[in-house]
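*Asks:* Here it is, the structure, as structure tokens.
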Amino acid sequence: MTETTRLLSDLVTLPSVNPMGRALQGPEIYEHRVTEYLENYFRSLGVPFERQMIAPLRENIVARCDLPGPSRTIVFEVHQDTVPTDNMTIDPFTPRIEDGRLYGRGSCDIKGGMAAMLAAFARIVREKPKGATNVVVACCVDEEHTSLGIKRLAETLKADMAVVAEPTKLEIVHAHKGLCRWHLIVPGRSCHSSAPEQGVNAIYRMARIVSAIEKYAQVLSASRRDPLLGPPTMSVGRIEGGTSVNTVPDQCRIDIDRRILPGEQPLEAPGQLTAYLRNEAGIDFPFELSPPYTHKHALSPKKTEELVGRLGKAIDIVKGSHRVEAVPYGTDASTLAEAGIPSVVFGPGDIAKAHTCDEWVSLAEVEQASEILYRFACQD
């Protein structure tokens, strides 16, 4: 078993589930087991590292390799957390290797990428190749929900360029949409369901709002279009309300997901929806918007020419060719870019396998990713 595969197997064995705002409990929750593993790994390499407390049982860990001579620094950034394990058809934390694939929660998103980065980093530390840049490995928490880890990292990180690990099938992603997510709450008045006329049904009210949001999403998508990323989008992802079937509900809440284009300000999105609901949809009853619980700007390809060229050269050496693409989902790269660090997204695996019931990653791609990252860091 190669070092890269061993690292990946170890990481999948360590649960690091992000509860995603749900009331999940148990030994699988949060990233602290992975953080401890990473600390021990960095100690074994003899490199300096620091842990950044984000929340209880949730810490970023950042290690660095400073080589004699080079003044430039590149960052390998990757998140420690995974989504929950609901409806998985395989044992999520017992890695299984079959037909060149490693199965398990997080194998694709993004512990395969983490293993590739760690193995490349370790080679640079051990070999100290001539011409290599300084390298920082930053492993952040909470990417899957509120992005607290990357926001903290970006406050202090100084570097010339960054590669952010996500499943891209070893292609380069230089642009992606941003996002803004928030809750919308509708109040009602509860009463016994045998006399519903004595109450105000919050679910009925919310039904009107959801219908209006569906129409607004169509208006929004027709309002503008980015040449790389297409239109902005909006969707309602969750709804909850009521306490029992025989009680008229006094509250209903939805979660809203708005995807942001370059040039848009994420935090303006909730107000834009409110204006539509009041002025266009004619919603005349009270509703409340929570402050956004997460937001990210879009990733623009601006200022990434050198980074794309350098990484593309390394990919071509290892696998012969590469593509440069834009994607609709968000990553930590946009937060680093907003902090002034040119950033792209790259990693093994297919985003279509992320979060799935039988998540897996190609071990050959993980090995290739590690070689590519090593060569990327070692270019003169």
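No value in this document is a laboratory result; all are computed from the given coordinates. Bear in mind the structure is a predicted one, so any value in this text is a computation, not a measurement. All Cβ positions, glycine included, derive from the backbone under ideal geometry; neighbour counts span all protein chains shown.
*Asks:* State the volume of the convex hull built on the alpha-carbon positions of the range 77-134, expressed per residue in Å³ and rounded to an integer.
*Replies:* It is 105 Å³ per residue.
*Asks:* Next question. Expressed as an acute angle from 0 to 90° and rounded to the nearest 10, what is the orientation of the C-alpha long axis of helix 32-45 relative to the principal long axis of the chain?
*Replies:* Once rounded, the angle reads 10 degrees.
*Asks:* On to the next question. State the antiparallel share, in %, of DSSP beta bridges confined to the chain, rounding to the nearest 5. If you can, show how the numbers build up before the last one.
*Replies:* On the way: 46 of 66 bridges.
For the chain, the DSSP antiparallel bridge percentage is about 70.
*Asks:* What is the order of SER193, SER107, fewest Cβ neighbours within 10 Å to most?
*Replies:* Final ranking by Cβ density, sparse to dense: SER193, SER107.
*Asks:* I would also like to ask the following. Rounded to whole Å and ordered largest first, report the semi-axes of the equivalent ellipsoid of the chain derived from its Cα gyration tensor (root of 5λ).
*Replies:* 41, 24, 18
*Asks:* What distance in nm separates the simple spin-label points at ILE239 and THR89, each placed 7 Å from Cα in the Cβ direction?
*Replies:* Simple spin-label model gives 2.9 nm for this pair.
*Asks:* With runs of 4+ DSSP H residues as the only contributors, calculate the mean residue ellipticity of the chain at 222 nm using -39,500 (n - 2.57) per run, divided by the residue total and rounded to the nearest 500.
*Replies:* Numbers: 9 runs with 119 residues, N = 380.
So the calculated ellipticity at 222 nm is -10000 deg cm²/dmol.
*Asks:* List every residue whose amide H lies under 5 Å from the amide H of THR233, counting only residues 5 or more places away in sequence or on a different chain, with H placed 1.01 Å from N in the peptide plane.
*Replies:* So THR233 has HN proximity to ARG259.
*Asks:* Among VAL62, LEU14, LEU102, which residue has its Cα positioned farthest towards the positive end of the charge dipole of the chain, with +1 placed on the Cβ of Lys and Arg, -1 on the Cβ of Asp and Glu, and the dipole taken about the Cα centre?
*Replies:* Checking the options against the dipole of the chain, the answer is VAL62.
*Asks:* So what's the convex hull volume per residue for the Cα atoms of the range 77-236, in Å³?
*Replies:* Values: hull volume 35.1 nm³, N = 160.
Output value, Cα hull per residue: 220 Å³.
*Asks:* Next question. Calculate how steeply helix 363-377 sits against the longest principal axis of the alpha-carbon atoms of the chain, using the helix alpha-carbon long axis, and give the answer as 0 to 90 degrees to the nearest 10.
*Replies:* Result, in degrees: 70.
*Asks:* Per residue of the range 254-266, what does 6.51 cos²θ - 1.76 cosθ + 1.60 with θ = phi - 60° give for ³J(HN,Hα)? Whole Hz please, x for Gly and Pro, Karplus curve as stated.
*Replies:* 10, 9, 10, 10, 10, 9, 10, 9, x, x, 8, 9, x
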